[in-house]
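Asker: Take a look at the following structure, please.
The values are calculated or read from the model by the stated rules, or taken from the named source; none is laboratory data. Please read these numbers as outputs of a predicted model, since none were measured by experiment. Glycine gets a Cβ as well: all are built from the backbone with ideal geometry, and neighbour counts include every protein chain shown. In case anyone asks, the SASA skips ligands and DNA or RNA and just uses the protein heavy atoms, side chains included. Shrake-Rupley method; radii C 1.70, N 1.55, O 1.52, S 1.80 Å.
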Amino acid sequence: MAATRRLSHTVAVIILNHPPVNALSSSVRQSLLKEFGEASKDPLVEAIVLTGANGKFSAGADIREFSTSAATASLEFINATIEGSTKPVVAAIEGVALGGGLELALSCHYRVANTQAFVGLPEVLIGILPAAGGTQRLPRLIGVPAALDMIVRGRHVPAGEAFQLGIVDEVVNSDIVDAAIQFARKVVGQSLDARRLSTKPIQPITNLGTLLDTAVEKATRQFRGAQAPLACIEAVKASVYLPFHKGIEKEQELIKSLWATGQPQALQYAFFSERNVGKWTTPSGGRWDRVPPRSFQTAGVIGLGTMGRGIVISLLKANIPVIAIEQDAKQLDLGRNAVDSLLKREFEKLKQQGKTASELGSVQFTLDFGELKHVDLIIEAVYENMKLKKEIFKKLSFIAKPDAFLCTNTSGLNIDEIASVTDRPQQVIGTHFFSPANIMRLLEVVRGCHTSLTTIATAMNLGKTLGKVAVLVGNCPLFVGNRMLGPYLEQASYLVEEGCNPEDVDQALETFGFAMGPFRMMDLAGLDVGWRSRMEKGLTGPRVPPEAPARQRNGNRYSPLADMLCELGRFGQKSGKGWYRYEKPSGRNAKPDPWMREFLEKYRRDHQIVHHPVNPQEIQERCVYALINEGFRVLEEGIASGPEDIDVIYNNGYGFPKYRGGPMYYAYTTGLSKVLGALESYYKANSDVPSMKPTFLLKKIVAVGEPSIKEWKTQLGNLNNKL
Ligand code: T1G
Ligand code: NAD
């Protein structure tokens, strides 16, 4: 049953019941309307309580029912019916009231929530806007500024804050339905006129024009290219200037135009992809998701540099006690100070939520590896150096208890080689966090050839426990995300060789929607990291001037520009200069450097490169198609399980515009034959750039008629699967 009704004396209780989140599917809406109609007519009923089963009110419209057009109008019909009721209706909110769920609650005359509940209008995150009256009722209830903030950011608001804002009338720590029944009895007989939000006048504000303009400017800058935040602002604006019923029409008009952009479809694909990657199946054997993860109570982190300190904070936030290890007293002090200052910020956040420090795990700092002997899971985050990592893992074999899991945060070294020096290769796994590790949502879980299903399940569960989205990938140099970055950055460098300035390339890709262009990203990460690794492998430098740097490596094209910058001490932000220059005091704002123009002009002269300008579209195509082609190669080699996995990695770890779905979904919506055609013509003219050679899988999917992205997996067929 989608919605049921029972009677508690004179109060009817209607319960939404559609596990797991009481999404308001069409059958739920139908039965809700029926039950509500009967309760309204029942002469014994004086008031109605609306609540949800399964510990949740409702997560809103059923996203699975969305197709090419939004089928949401009937929810506003229900809302109008509830609001118009002459019997008081009280929403009893437990767990979540999100999207259409909150809109339904807003149509009730009163709202009671339990202390753990969250409310919000997160539609913007799936590319649409609240379209069942939410953009019209919420501003009438809490004022335009607060409503704009919630709707444009899609923020989940905890019950305490919802009470302060005036969204809920009471917050209780007891049984929510009992509390709502008591509340309903108290209000029976009172006038409902002022409780109907559709007729409530909006609170006047003097600086409305400026507020809306600022909101548009901020949303354009922050969500570059995303259309839904702008539509949300437009709808809230309508709540001020138009009568309620016209505002409702405006919501419908705006949602229709959003669907036409394709962004909702991409964001909803991204929403379900994030959930599906956690249910991954391996074509080559067992299924880790059917194996129970081993529980872990304690963790160790080795190395408290950039990554280690963020990993410690992530674990502490999940209330996991940590033993934190460094190599010497100086580094230990540095690490401790960094962790302490990050922890202070976490304490502040908890305080604002009315919570205490007991929600955080405790940390012990030490130089003694022996302290790790009782911990359940150890994460190594020392320098990216195979010899050092092997030494550490060998040591851990002796120290760690036999069932402890040994994880490495390497960004691309061979997991099997690291595992080979241990007494338990089946318990060794890559847990590749992204920087800053306490903030970034992505966790690449890297499986070695001996890694057991229990170890995989445990590492995937670690991701969930830390509130991250974990994606399982196979073991190859640089894994999935960083590996795909290679050809993308390579194209960016070639574009600069050929005539672009770094800022031209960054701007074109930021206009495409990337959070950061490739050159700003390289400067932020530090150019020296890759340079040192290339030197270690003998792939570059030291060069004796005036010897010109080679533009070929093993017969293929190679851009030595990044190496040349490093030779000049330009390591990026950390040294104040890289592809850009960075000025004090912040040292973080990338400014185009006139020096770079001269440097590039000389470079082109030295190598007789004919300078030719490249338009933004070509910049975007060359870089993004290079990324996509490598994505197909990753699929072909069985390093990722499917296109969704790659898209989740890029959306959550590399600032790819989520409203384009991810690189593979973007390829699909662009048309694979177009991508293939562009790669073919580039490769024909540049046979010394093998990364642009169209992959077998891409050609195969085009040859079978470009089926839907959901069917690509079947084309992977018998390819070489490493998972
Ligand atoms: N519709 C359909 N399925 C949903 C769903 C929804 N709204 N929300 C969650 N699910 C599924 C999800 O796919 C997963 O399925 C399972 O529920 C558990 O979710 C009219 C038009 C509620 C905070 O955007 O934010 O209302 O994988 O793994 O971490 O204007 O889900 O198990 O098969 O995420 O505990 C607006 C989206 C809709 C809320 C729970 N609402 N959901 O998080 O579990 S549009 C949203 C969430 C709308 C109105 C408009 C989260 C959650 P499966 P989960 P969780
Ligand atoms: P980092 O140089 O900032 O920190 C490394 C830390 O390890 C230093 O504090 C160092 O003192 C410590 N250390 C070195 N030898 C040690 C030993 N024997 N025992 C204990 N501690 C020791 O490096 P980082 O950027 O944090 O990178 C750590 C790992 O994470 C590397 O494998 C790197 O490839 C990977 N990674 C880095 C990033 C990033 O953006 N920085 C992102 C993902 C993964």
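Asker: Write down the accessible area per residue of the stretch 292-473 in Å², having rolled a 1.4 Å probe over the full set of protein chains.
Answerer: Solvent-accessible surface per residue comes out at 43 Å².
Asker: Can you give me the long-range amide H partners of R581? Hydrogens built in the peptide plane at 1.01 Å from N, cutoff under 5 Å, separation of 5 or more residues or another chain.
Answerer: K591, D593
Asker: Anything over 27 Å Cα to Cα? Flag those among K464/K713; K390/K537; K693/K713; K237/K591; K56/K186, in the order listed.
Answerer: Beyond 27 Å between Cα atoms: K237/K591.
Asker: Once phi is turned into θ = phi - 60°, what whole-Hz ³J(HN,Hα) does the Karplus curve with 6.51, -1.76 and 1.60 give for every residue of the stretch 47-53, x standing for Gly and Pro?
Answerer: Working through the residues one at a time gives 8, 10, 10, 10, 9, x, 7 Hz.
Asker: Share of the chain's accessible area from carbon and sulfur, percent, 1.4 Å?
Answerer: Within the chain, the accessible surface is 54 percent carbon and sulfur.
Asker: What list of ³J(HN,Hα) values in whole Hz, one per residue of the stretch 414-426 in order, does the Karplus curve 6.51 cos²θ - 1.76 cosθ + 1.60 (θ = phi - 60°) give from phi, with Gly and Pro shown as x?
Answerer: Ordered by residue, 3J(HN,Hα) equals 6, 5, 5, 5, 5, 5, 5, 8, 9, 8, 8, x, 5 Hz.
Asker: For K710, list the lysines whose Cα falls under 22 Å from its own Cα; do not include residues on the same chain fewer than 8 positions away.
Answerer: K279, K658, K674, K699, K700, K722
Asker: Give me the accessible area per residue for the stretch 606-723, probe 1.4 Å, as a whole number in Å².
Answerer: 41 Å²
Asker: Kirkwood Rh, the chain, all Cα pairs: how many Å?
Answerer: Here the Kirkwood hydrodynamic radius works out to 28.2 Å.
Asker: I would also like to ask the following. What fraction of the DSSP beta bridges in the stretch 292-473 is antiparallel, stated in percent and rounded to the nearest 5?
Answerer: Of the beta bridges lying entirely in the stretch 292-473, close to 15 percent run antiparallel.
Asker: Give the residue list of chymotrypsin sites (Phe, Trp or Tyr not before Pro) in the stretch 318-409 that are DSSP loop and have at most 15 other beta-carbon atoms within 10 angstrom.
Answerer: Passing sites in the stretch 318-409 are Y383.
Asker: Let me ask you something else. Rounded to the nearest 500 deg cm²/dmol, what is the calculated helix-only ellipticity per residue at 222 nm for the chain, with -39500 (n - 2.57) per DSSP H run of length n ≥ 4?
Answerer: Calculated mean residue ellipticity at 222 nm is -14500 deg cm²/dmol.
Asker: At a probe size of 1.4 Å, how large is the accessible area of W288, to the nearest 10 Å²?
Answerer: Approximately 20 Å² of W288 is accessible to the 1.4 Å probe.
Asker: A follow-up question, please. Give, in nm to one decimal, the length gained when the segment between L350 and K710 is fully stretched (0.36 nm per residue of separation minus the Cα-Cα distance).
Answerer: Taking L350 through K710 to full extension adds about 125.5 nm, to one decimal.
Asker: Further question: Under 5 Å between amide hydrogens, which residues at least 5 positions from V375 or on another chain qualify, with H placed 1.01 Å from N in the peptide plane?
Answerer: The answer is K401.
Asker: Could you pull out the longest piece of the chain with no exposed loop trypsin sites (Lys or Arg not before Pro) in it, calling a site exposed if DSSP puts it outside H, G, I, E, B and it has at most 14 other Cβ atoms within 10 Å?
Answerer: 1-286
Asker: To the nearest 20 Debye, how big is the dipole of the chain about its Cα centre, given +1 on the beta carbon of each Lys and Arg and -1 on that of each Asp and Glu?
Answerer: Around 320 debye, computed over the chain.
Asker: Would you mind telling me the antiparallel percentage of the DSSP bridges in the stretch 74-161, rounded to 5?
Answerer: The antiparallel fraction comes to roughly 20 percent.
Asker: Return the long-range amide H neighbours of E380 (sequence gap of 5 or more, or a different chain), with a cut-off of under 5 Å between placed amide H atoms.
Answerer: The answer is I302, C407, T408, N409.
Asker: Could you do me a favour and compute the accessible area per residue for the stretch 2-261, 1.4 Å probe, result in Å²?
Answerer: 41 Å²
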